[in-house]
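Single-structure report; data block below.
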Amino acid sequence: MQVESRLFIDGKLLPAASGRTYTNLNPATETVAGEAADAGLEDLDRAIGAARRAFDESDWSTDHAFRLRCLQQLKAGLLAERESLKQQIATETGAPLGICGQGGPQCDVPIGFIDYTLESLPRFPWSRDIGVAEMMGMKSRRLVEKEAIGVVACITPWNVPLQINLAKCIPALAAGCTVVLKPAPDTPWSATALGYIVEKYTDIPPGVFNVITSEDPVTTGDALVRDPRVDMVSFTGSTAVGKHIMAAASGTVKKVFLELGGKSANIILDDANLEQSLMSALSVCFHAGQGCALQTRLLIPRARQAEVEALLTAYFGYIEYGDPASESQIMGSLINARQRERVLAYIEKGKEEGARLLVGGGKPKHLERGFYVEPTVFVDVSNDMTIAREEIFGPVLAVIAYDGEEDAIRIANDSDYGLSAGVWSADEARALSVARRLRTGTVNVNGGNFYGADAPFGGYKQSGLGREMGAEGFEEYLETKTIAVGVPA
Ligand code: NAD
């Protein structure tokens, strides 16, 4: 596996100015996988300066045909490097090849998503004529024009790093913005690989795309957000850091686009087929529960609790995990030791607050290495318990019993978050009417899946501001200008 460990600044792959590097750890084996450049403020300053200059002084933002060609080259480069990318992502995330490998959501799916942008870009209406209007005796012909917002700081998390890096950088570049990408310290290669591919395969001009990796996320991240040369911050990560970013960006009144945490509810209505619908509860094991939109609260009709417990015990018993090379496993390790301790502390909190542990609850006995936590199910959870309110980001399911449909909707909406949800019913119209009453950005009904290049994704409430992917995800990176041309009387 060949790895790019350097920064990408102003069209060049470079070590950090200080020469410092830091260790990239494989969380599934706890072994050192390699290293990444440890950028400091000097490197960041050069990256932002290059992005600003490329935006202000080149025709990147106005030459739509050139940008399309460059993005086609980028897609071709990603495809050419796909096998290496999969290995790198698996190595630094601890996700098994069942997720990173053939057709998986860590690599193939997000590369495929680029086609949506490539196909929609040539059709995008950059200017629209809204006609002539009279105002205070003067006639004007009005044009509404869309323009790139400017320099965008893309700050990304470690859970699905290539997917989120691409979900931000591709529409930002397509819109005509220039980019400084800062990934999470735990997953530097999913970003440095993009620097390598841009340099090797594309004509993207120097300064248009830059990558800064750093062991200390706060110093570089904070400086990036505050810098007056940056016009927009596109952030995915925790709600706590999102709030900090919103505050830090306010000093320069820059646009902030936030994809934050979730505590999504999966509502099993009383007429649903339990055998089928409860299979969806296993999604908390996907990537060891490190997914913002996973449905971590399972809402069940109280009268059916005994059946639910029997089925969940059986289903969670089938989950296999612990082999990073497995093409069939969907659960890997947690990202680092700190995250594992955090998840285990939530499990202890659940027990202390009176929830009953049905499955799992500790470190797996059969694995000596890797930051794994057992698939875990709590029952008898009430919605005011910590494990029902806070995002755990581990393979932990909280089962909450409800009394009637209204109660289920009330519990689902009783959350600071509003990212996603699920509804199951034998009656699709009933499920849809419940879905429409949920205060969340996405809802899966009867096993549907919202995830797609053309489907906007994002949160209500403290799950975020704005939308990623789809037409809405592209327009986040645009400014709107109204031009009024005087019409002679
Ligand atoms: P995090 O908030 O700790 O970090 C996210 C990014 O912000 C990283 O690049 C980090 O280095 C950077 N950062 C940290 N402190 C910063 C600061 N003070 N200023 C600027 N940047 C800073 O999140 P994480 O632990 O990497 O990822 C897990 C979180 O991400 C979870 O809460 C999860 O729900 C969320 N997430 C949300 C989505 C979504 O689309 N809604 C998707 C994936 C993950």
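The values are calculated or read from the model by the stated rules, or taken from the named source; none is laboratory data. Because the structure is a prediction, the values reported are computed rather than measured. Methodologically, a virtual Cβ is constructed for each residue, glycine included, from the backbone with ideal geometry; neighbour enumeration extends over all protein chains shown.
Couple of notes before you dig in:
- Selection within the range 205-226 - more than 7 Å from the ligand (Cβ to nearest atom) and surrounded by fewer than 24 Cβ atoms within 10 Å (Cβ to Cβ): 205, 206, 215, 216, 219, 223, 226
- Answer residue from the range 250-263, given it is near the ligand (Cβ under 10 Å from one of its atoms) and of a type outside the set (Asp, Glu) and is farthest from residue 169 (Cα to Cα) among those: 263
- Any hit, the range 344-354, residues being within 25 Å of residue 437 (Cβ to Cβ), buried (at least 21 other Cβ atoms within 10 Å of the Cβ) and of a type outside the set (Phe, Trp, Tyr): no
- Of the residues 34, 11, the single one that is in contact with a Pro (Cβ under 7 Å, 6 or more places away or on another chain), touching a residue at least 60 places away in the same chain (Cβ under 8 Å), surrounded by fewer than 20 Cβ atoms within 10 Å (Cβ to Cβ) and on the phi > 0 side of the Ramachandran plot is 11.
- The residue that is nearest to residue 100 (Cα to Cα), among those in the range 130-171 that are in a loop (DSSP other than H, G, I, E, B) and not aromatic (Phe, Trp, Tyr), is 160.
- Unmet criterion (only one of (1) buried (at least 16 other Cβ atoms within 10 Å of the Cβ); (2) more than 24 Å from the chain's Cα centre (by Cα); (3) not aromatic (Phe, Trp, Tyr)) for residue 59: (1)
- The residues of the range 227-242 that are among the hydroxyl-bearing types (Ser, Thr, Tyr) and either near the ligand (Cβ under 7 Å from one of its atoms) or free of Cβ contacts under 8 Å to residues at least 24 places away in the same chain (or both), listed by number, are 236, 238, 239.
- Odd one out for residue 314 among (1) under 30 Å from residue 29 (Cα atoms); (2) within 16 Å of the ligand (Cβ to nearest atom); (3) surrounded by fewer than 17 Cβ atoms within 10 Å (Cβ to Cβ); (4) not polar (S, T, N, Q): (2)
- Filter result (within 16 Å of the ligand (Cβ to nearest atom) and either surrounded by fewer than 24 Cβ atoms within 10 Å (Cβ to Cβ) or of a type outside the set (A, V, I, L, M) (or both)) within the range 270-292: 283, 286, 287, 289, 290, 291, 292
- Count of residues meeting criterion [β-branched (Val, Ile, Thr) and free of Cβ contacts under 8 Å to residues at least 24 places away in the same chain] in the range 71-125: 0
- So residue 178, is it surrounded by 24 or more Cβ atoms within 10 Å (Cβ to Cβ), among the hydroxyl-bearing types (Ser, Thr, Tyr) and near the ligand (Cβ under 10 Å from one of its atoms): no
- Restricting 343, 308 to residues that are touching a Leu at 6+ places or on another chain (Cβ under 7 Å), outside the structural domain of residue 24 (by TED's automatic domain parsing), part of a helix (DSSP H, G or I) and away from the ligand (no atom under 16 Å from the Cβ) narrows the list to 308.
- Selection count where residues are part of a strand (DSSP E or B) and of a type in the set (Gly, Ala, Ser), scope the range 255-301: 1
- Residue match in the range 135-147 (condition: within 16 Å of residue 212 (Cβ to Cβ) and in contact with a strand residue (DSSP E or B) (Cβ under 7 Å, 6 or more places away or on another chain)): no
- Just one residue in the set 168, 146, 139 is of a type in the set (D, E, K, R), modelled with pLDDT of 95 or more and under 23 Å from residue 50 (Cβ atoms); that residue is 168.
- Listing of helices (runs of 4 or more DSSP H) fully contained in the range 371-489 that carry 1 or more residues being under 30 Å from residue 173 (Cα atoms), outside the structural domain of residue 323 (by TED's automatic domain parsing) and within 16 Å of the ligand (Cβ to nearest atom): 470-475
- Taken together, 272, 303, 265 contain a single residue that is of a type in the set (A, V, I, L, M) and under 25 Å from the mean Cα position of the chain (by Cα), which is 265.
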